[in-house]
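The values are calculated or read from the model by the stated rules, or taken from the named source; none is laboratory data. Every value quoted in this text rests on a predicted model; they were computed, and no experiment measured them. Note that each Cβ is placed from the backbone with ideal geometry, even for glycine, and that neighbours are counted across all protein chains shown. Ligands, DNA and RNA are excluded from the accessible area calculation, which covers all protein heavy atoms including side chains. Shrake-Rupley method; radii C 1.70, N 1.55, O 1.52, S 1.80 Å.
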Amino acid sequence: MAELPSAGVKRLLTKNGGELRTSTSAVQLVVEAAEQYIARLAQEASAVAQKEKRKTIMDGDIRKAREVVG
């Protein structure tokens, strides 16, 4: 089951997609893609924090992770 709220994702799609309507299946695909991206980002940021002997992910870790993940 998805953890990101579909309603928020749908609002972002509508806002950034030229105010076009978005199908439920399209919203679900975007939710899945976003969750996968966030998971990859979290894994990479966690690796950065652990390498620096920390137990907390900091904003700099996220920045470094974004450079790797995209």
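Write out the GluC sites (Glu not before Pro) in the chain meeting two conditions: DSSP loop, and at most 16 other Cβ atoms within 10 Å of their Cβ.
3, 19, 52
Just add up the charged neighbours of residue 5: K/R +1, D/E -1, any other residue whose Cβ is under 14 Å from the Cβ of residue 5.
Once all neighbours under 14 Å are counted, the net charge is -1.
Helix 6-16 sits at what angle to the longest principal axis of the chain, using alpha carbons and giving 0 to 90 degrees rounded to 10?
The angle comes out near 80 degrees.
Can you tell me the alpha carbon radius of gyration of the chain divided by the globular rule-of-thumb value 2.2 N^0.38 Å?
Working: Rg = 15.1 Å, N = 70, 2.2 N^0.38 = 11.1 Å.
That ratio works out to 1.37.
Keeping all protein chains in place, calculate the accessible area per residue for the chain (probe 1.4 angstrom), answer in Å².
Details: 5610 Å² over 70 residues.
Per-residue value: 80 Å².
Among the lysines, select those whose C-alpha is under 17 Å from the C-alpha of residue 53, and discard any that sit fewer than 8 residues away in the same chain.
64
Given a 1.4 angstrom probe, I'd like the percentage of the accessible area of the range 1-63 that is carbon and sulfur, rounded to a whole number.
Working: 2920 of 5030 Å².
Result for the range 1-63: 58 percent of the exposed heavy-atom area is carbon or sulfur.
Straight-line reach from residue 10: which aspartates and glutamates have Cα under 16 Å away, leaving out those fewer than 8 places along the same chain?
Here the aspartates and glutamates satisfying the reach criterion relative to residue 10 are 19, 32, 35.
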